[in-house]
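Asks: Quick one: structure below, then a few questions.
What follows is calculated from the coordinates using simple rules that are stated; it is not laboratory data. Note that this is a predicted model, so its numbers are computed, not measured. Please note: Cβ atoms are built from the backbone with ideal geometry, for glycine as well, and neighbour counts cover all protein chains shown.
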Amino acid sequence: MPPLVFPECPLSQVSFVQDYIQLVFQHETLSIYNPAEVCIFAKRIASGEPGFADALVHLIGRSTMSVQFKVNELLRLEFDDGSTVAVQKAAADSSSIEAFKFNGNNTIVVGQNHCS
């Protein structure tokens, strides 16, 4: 069975909405509420750093090859060119409950920062 968070279509749109990012894969959407990091051409760029938006937009047209849940990150998508997008853990003092939300594959998956 494929993972519940696995975009089947290539990345088709990147939207920056006030305090979060949306990655659209045709009819599937990954909303990222936590800090994120893009690794492209072996260069890591964190959200808020110069070049971050450009690096995300560069991934348009790329397909997701793997989705991993890592110890230091909540979610990592690897694309067909080796680039990655990682959803980072929230700061310890964060009051945000949702880290990301994936709407696709006939399901909705919400990644949480912490449970009280």
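Asks: When only alpha-carbon atoms are used, what values of Rg and Dmax, in angstrom, describe the range 13-107?
Replies: 12.6, 36
Asks: Would you work out the charge dipole size for the chain about its Cα centre, treating the Cβ of every Lys and Arg as +1 and the Cβ of every Asp and Glu as -1, and quote it to the nearest 20 debye?
Replies: Computed charge dipole of the chain: roughly 140 debye.
Asks: Which loop-located trypsin sites (Lys or Arg not before Pro) does the range 32-115 contain, where loop means any DSSP state but H, G, I, E or B and the Cβ has at most 12 other Cβ atoms within 10 Å?
Replies: For trypsin sites (Lys or Arg not before Pro) across the range 32-115 that sit outside H, G, I, E and B with at most 12 neighbouring Cβ atoms in 10 Å, the list reads Lys70.
Asks: Return the sequence-ordered ³J(HN,Hα) values of the range 82-89 in whole Hz as given by the Karplus equation 6.51 cos²θ - 1.76 cosθ + 1.60 applied to θ = phi - 60°, using x for Gly and Pro.
Replies: x, 5, 9, 10, 10, 8, 7, 5
Asks: Give a residue-ordered list of calculated ³J(HN,Hα) values for the range 49-61 (Karplus: 6.51 cos²θ - 1.76 cosθ + 1.60, θ = phi - 60°; whole Hz; x for Gly, Pro).
Replies: 8, x, x, 4, 4, 4, 5, 5, 4, 4, 7, 4, x
Asks: Provide the packing ranking of 10-18, 78-86, i.e. peptides ordered by the mean count of other C-beta atoms within 10 Å per residue, highest first.
Replies: 78-86, 10-18
Asks: I'd like the distance between the alpha-carbon centres of the range 65-94 and the range 23-62, rounded to an integer number of Å.
Replies: 11
Asks: Considering amide H positions built from the backbone, and no H for Pro or chain starts, which residues 5 or more places from Val5, or on another chain, come under 5 Å of its amide H?
Replies: So Val5 has HN proximity to no qualifying residue.
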